[in-house]
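Here is the structure we will look at.
No value in this document is a laboratory result; all are computed from the given coordinates. What you see is a predicted model; the values in this text were computed from it and never measured. Cβ placement follows ideal geometry from the backbone for every residue including glycine, while neighbour counts extend to all protein chains displayed.
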Amino acid sequence: MHSVIHPNRQASRLLSLIAAICILLIAAQTAATAQDAPSIIGTSPLGGLSGATDWINSKPLTAKELKGKVVLIDFWAYSCINCIRSVPYLRAWADKYKDSGLVVIGVHTPEFDFEKELPNVQHAVKKFNITYPVALDSNNAIWDAFHNQYWPASYFIDATGKVRYTHFGEGEYDQSEHHIQELLKEANAKSMPAGTVSVEGQGAEAAADMKDVKSPETYIGYSRADHFGSPEGMMRDMDQVYTIPNDLRINEWGLAGKWHDQEQVAVLKSSTGKIAFRFYARDLHLVLGPTASGKPVRFRVTIDGQAPGDNHGIDTDAQGNGVVTEHRLYQLVRLKGAVKDHVFVIEFLDPGVQAFSFTFG
């Protein structure tokens with residue numbers, strides 16, 4: 001028997017292929033542009049801190065006040081899993097070298113609109129036990145001053161205020177700590193703890209299993225959405241009833257129920273609804289928010305049609321039950337056995353949930 005592909009879905013896949021080619025072309029162009037752009041190494045961008053919209057754990061800090069200190073600027077966003085996994089190292093360095101002249105500053109530049117709200121960031125800072133200063137960069141002023149393009153991104157600044165080293169993304173933590181030690185020695189630090197920190201992240205902070213991650217960050221809002229598999233095709237800024245196909249391909253996803261897809265987010269309009277994703281990774285996370293009025297939304301997760309059991313994430317139980325109570329990243333799956341592709345489905349039992357993006361680890 002020949003399989004039949006719904007024409008709308010066939011068109012959707014063709015568009016996804018075209019989009020993928022465009023993304024590759026844009027990435028190549030971006031890489032070329034990045035190579036041509038002047039390096040920030042050797043410049044003094046700390047004046048950009050004046051663009052902070054607020055501060056947490058500190059009074060506003062200025063380039064003048066920081067002169068003579070070694071400064072580590074870390075760009076992050078609290079719903080970014082890569083940033084979350086870096087936080088334990090930043091906490092450890094801030095504590096280990098606080099008496100040696102190091103100042104760690106987390107610059108919180110939002111990816112989503114809800115990350116611009118001070119109470120949300122304050123809550124995240126408390127949740128992640130961050131005690132070093134955090135500058136809110138809700139207008140991207142500091143981001144622009146550093147010509148930054150990534151979350152997370154680290155800038156290692158010497159005692160004269162000049163950028164000496166940079167690191168983008170997760171990993172290479174020992175090398176980053178050696179940069180800190182080198183700059184502190186140059187600044188004649190009075191005391192210098194030996195060795196490098198040993199960090200064991202828990203929950204969402206645990207290190208990723210990168211060798212088995214074959215699923216990319218995937219956005220649900222239409223401005224950056226791809227690999228959408230529902231046969232109806234994605235409708236922009238309007239209500240649409242969607243269905244999930246039975247034969248999702250790897251890294252393809254779909255919606256069920258009535259959803260309203262916007263640039264950054266999809267909002268569930270029916271009394272219940274689902275999102276499905278065929279993924280290949282140890283961990284699956286989904287950035288979610290409650291209803292516009294803040295009412296919690298109940299959900300249930302399955303993996304290959306079954307309750308997750310021991311494979312549940314920190315935000316679900318063994319039966320797959322959980323509740324969306326705030327705007328943040330939710331860890332829904334952590335596989336305990338061998339990693340292979342699985343079909344993940346989350347069913348929302350109440351209307352109004354806001355869904356933003358999938359990330360994996």
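Counting only alpha carbon atoms, the long axis of helix 81-96 and the longest principal axis of the chain meet at about 20°.
Once the C-beta distance of Asp247 and Ala307 is scaled by a Förster radius of 35 Å, the resulting FRET efficiency is 0.95 to the nearest 0.05. Here the calculated FRET efficiency for Gln175 and Gln122, from their Cβ-Cβ distance with R0 = 45 Å, stands at 0.90, rounded to the nearest 0.05. The lysines whose alpha-carbon is closer than 21 Å to the alpha-carbon of Lys340, local same-chain residues fewer than 8 away aside, are Lys211, Lys214. Taking other C-beta atoms within 10 angstrom as a stand-in for reagent exposure, Met192, Met238 fall in the order Met238, Met192, fewest first.
In region 45-205, Cα pairs under 8 Å separated by at least six residues give a relative contact order of 35 percent. Remark: spin-label model distance Glu186-Glu65 equals 2.4 nm, labels positioned 7 Å along the Cα→Cβ axis. Listed by chain and number, the lysines whose C-alpha is less than 16 Å from the C-alpha of Lys274, apart from same-chain residues fewer than 8 away, are Lys258. With coordinates expressed along the principal axes, the C-alpha atoms belonging to region 210-360 extend over 41, 29, 24 Å, beginning with the largest.
Once the chain from Asp95 to Ala292 is taken as fully extended at 0.36 nm per residue, the excess over their C-alpha distance is 67.1 nm.
For Asn57, the shell of other residues with beta-carbons less than 14 Å away shows a net charge of +2, using +1 for Lys and Arg and -1 for Asp and Glu. Determine the relative contact order of region 193-280: mean sequence separation of Cα pairs under 8 Å and six or more apart, normalised by residue count, in whole percent. Reported relative contact order: 27 percent. Per residue, the convex hull spanned by the Cα atoms of the chain amounts to 144 cubic angstrom. Would you please classify the overall shape of region 45-205 from the alpha carbon gyration tensor, given that a ≥ b ≥ c denote the square roots of the eigenvalues, rounded means a/c under 1.5, and beyond that prolate means a/b larger than b/c while oblate covers the rest? Oblate is the answer for region 45-205, as a/c is 1.5 or above yet b/c matches or exceeds a/b. The helix-only estimate of mean residue ellipticity at 222 nm for the chain, built from DSSP H runs of length n ≥ 4 each weighted as -39500 (n - 2.57), is -7000 deg cm²/dmol after division by the residue total.
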